[in-house]
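The values are calculated or read from the model by the stated rules, or taken from the named source; none is laboratory data. In this text the structure is predicted, and so the values were computed from the model without any measurement. Cβ coordinates were reconstructed from backbone atoms using ideal geometry, including for glycine residues, and neighbour counts include every protein chain displayed.
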Amino acid sequence: LFNKFNVQVETAPIRIPYRETIRITASAQGKFKKQSGGRGQYGDVWIRIEPTDRDSGFQFASEVVGGVVPTRYLPAVEKGLRETIVDGILAGYPLVDLKAVVYDGSHHPVDSSEYAFKIAASMAFKAAFDKAKPLILEPIYTLTVQTPDQYTGEIVGDISSKRGRILGMDTESHFQIIKALIPQASLSDFHHALTRLTHSRARYSYTFSHYEETPSDVASKLIAEKNNAD
């Protein structure tokens, strides 16, 4: 672009939309208590988080009885939870496919506030999340490649080296149609690899398929990157 149009371009790696979620149900307490001269702050909740089906997003519910957490503070509890899931905990990616239930807690007739319950809810959620065997999900795409027969082996090898899984192959005239599942993170340089391997004689397309758990080495790298950035 610079040579042809004299346009300065800055490039950056594509940010893959990873997601975080949990494997098992876990509970924890969050208590925010602050006293500094005047009116204090007090909020106390117990939160249970449960894994739900893929693509179910985030759900909130209350099982509070007896007014231990007054109804007027429940919106603040939900707000604290929703704000927490946006930025993630493990590696900084949004949390999905889980349900958070507030089921117990306590309040102070003078010091309790919406702010205190929002902070307490966030504290409880983070503590429960650590116990719920968290994991990172990555987007998986369906990849279709049309290539002359003689390049099939090289392309299959390249897809496999990128953590792709071959679904099957069909023949169409002198071409092979290769179908595979591949992580979005592996698609960034696939075009260049395909061009190099086939001398620009192959075509490909891809569509989003689903999310699935990242391998442990990939997850560890993402977590380390987040910790280093902090």
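Pairs linking a residue in region 151-162 that is at positive phi and free of Cβ contacts under 8 Å to residues at least 60 places away in the same chain to a residue that is of a type in the set (S, T, N, Q) and outside any helix (DSSP H, G or I), with Cβ atoms under 9 Å and 6 or more positions apart or on different chains, do not occur.
When Ala202 is tested against (1) more than 27 Å from Tyr93 (Cβ to Cβ); (2) of a type in the set (A, V, I, L, M, F, W, C); (3) without any contact (Cβ under 8 Å) to a residue 24 or more places away in the chain, just one condition goes unmet, and that condition is (3).
What do you reckon, is Asp87 surrounded by fewer than 16 Cβ atoms within 10 Å (Cβ to Cβ), over 21 Å from Lys33 (Cα atoms), modelled with pLDDT under 95 and outside the structural domain of Ser209 (by TED's automatic domain parsing)?
Numbers: surrounded by fewer than 16 Cβ atoms within 10 Å (Cβ to Cβ): yes; over 21 Å from Lys33 (Cα atoms): yes; modelled with pLDDT under 95: yes; outside the structural domain of Ser209 (by TED's automatic domain parsing): yes.
The answer is yes for Asp87.
Do you know which residues across region 186-222 are surrounded by fewer than 13 Cβ atoms within 10 Å (Cβ to Cβ) and of a type in the set (Gly, Ala, Ser)? Matches in region 186-222: Ser188, Ser200, Ser205, Ser216. Of the strands (runs of 3 or more DSSP E) lying entirely inside region 12-118, those containing at least 1 residues that are farther than 23 Å from Ile223 by Cβ are 26-34, 41-51, 58-62, 98-106.
For (1) hydroxyl-bearing (Ser, Thr, Tyr); (2) in the same structural domain as Glu212 (by TED's automatic domain parsing); (3) at pLDDT 95 or above, each residue gets a yes or a no:
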residue	(1), (2), (3)
Thr25	yes, no, yes
Ser36	yes, no, no
Trp46	no, no, yes
Ile49	no, no, yes
Ser56	yes, no, no
Ser62	yes, no, yes
Arg72	no, no, yes
Val102	no, no, yes
